[in-house]
């Protein structure tokens, strides 16, 4: 098999909580707990789960926007966690991000042309002003906007248009990997479909690889090659999109899928209602993190032993003592 474009091994990220008069670290939030996955060139890995499951933190660790506590991140055979200075700056050309909130991620004091062209200037990708102008126009037209939008400011655009500007900014440096951090969750449903279709077209056109983060399984169903489900900092199931939606194995995945609306008006799907709330990540449950809400748990096995993510079929892995 060819070497993966991105490989994450046992990634851990803890956030210290300070307290007391001296401001010492008194406890830690366990945001990401030994997460491992890979991404091949040209594919999309959907990373899904409830709010607080560690999805966005994982994506930002991959880009080194926040520093991992432990683990390794390999990109094109290089250990990203060991890079610094010029090597890390060069990596920014190959790895970009599309942020969740199109209203907060664009500088309101900069014109659209300056926002998109900023990365071109930083990485010296334009020889002169004419070349910079032409490249920005090309990027705007690629995402469905026009040259007349260059001199406008973000507040003059709708949410969907702003997200297109964010996509153009990410494309400016011709990256190989784009982390899509819930890029449609702040948009209307009708606009969501347009943005997802645009991302699919751009992936085919530029041979892009996506890490697509979302909390809604219905959003990632069509764009993803494979889907990884996260719960409280851990990946509980990974499979191809087709297998996951047709044959979910983990009880948490089943519960998430049961909440996805079915297009057919008369079709019925039994809704699985999980009991209780997501546990506090400062003090996560022992054993399987999901056992406090799991409808099929067996004690004391599920409360004492951590289930390993093991392969049950070709390309389908699950972290559950009772399934697989």
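With everything on Cα atoms, drop me the angle between helix 129-142 and the longest principal axis of the chain, reported from 0 to 90° to the nearest 10.
Tilt of helix 129-142: around 50 degrees.
Between residue 206 and residue 173, with labels modelled 7 Å along Cα→Cβ, what's the label distance in nm to one decimal, could you check?
For residue 206 paired with residue 173, the spin-label model returns 1.2 nm.
Mind checking the angle between helix 159-171 and the chain's longest principal axis? C-alpha axes, 0 to 90 degrees, to the nearest 10.
Around 80 degrees separate the two axes.
Kirkwood Rh over Cα pairs of the chain into Stokes-Einstein at 37 °C, 0.692 mPa s: D in µm²/s?
Translational diffusion coefficient: 155 µm²/s.
Just to confirm my numbers, what's the Cα centroid distance between the stretch 227-299 and the stretch 93-121 in Å?
Answer, in whole Å: 35.
May I have the convex hull volume per residue, in Å³, for the Cα set of the stretch 27-106?
Expressed per residue, the convex hull around the Cα atoms of the stretch 27-106 is 146 Å³.
How large are Rg and Dmax for the stretch 251-324 when only the alpha carbon atoms are used, in Å?
14.5, 43
Return one number: the angle in degrees, 0 to 90 and rounded to the nearest 10, between the long axis of the Cα atoms of helix 189-206 and the longest principal axis of the Cα atoms of the chain.
70 degrees
Just to check, using Stokes-Einstein with a Kirkwood Rh over alpha carbon pairs, what's the diffusion coefficient of the stretch 181-324 at 25 °C and 0.890 mPa s in µm²/s?
Values: Rh = 16.8 Å.
Here the translational diffusion coefficient equals 146 µm²/s.
Each value in this text was obtained by applying a stated rule to the coordinates, not by laboratory testing. Just so you know, these numbers come straight off a predicted model, no measurement behind them. Cβ: placed from backbone, ideal geometry, glycine included. Neighbour counts: every protein chain shown.
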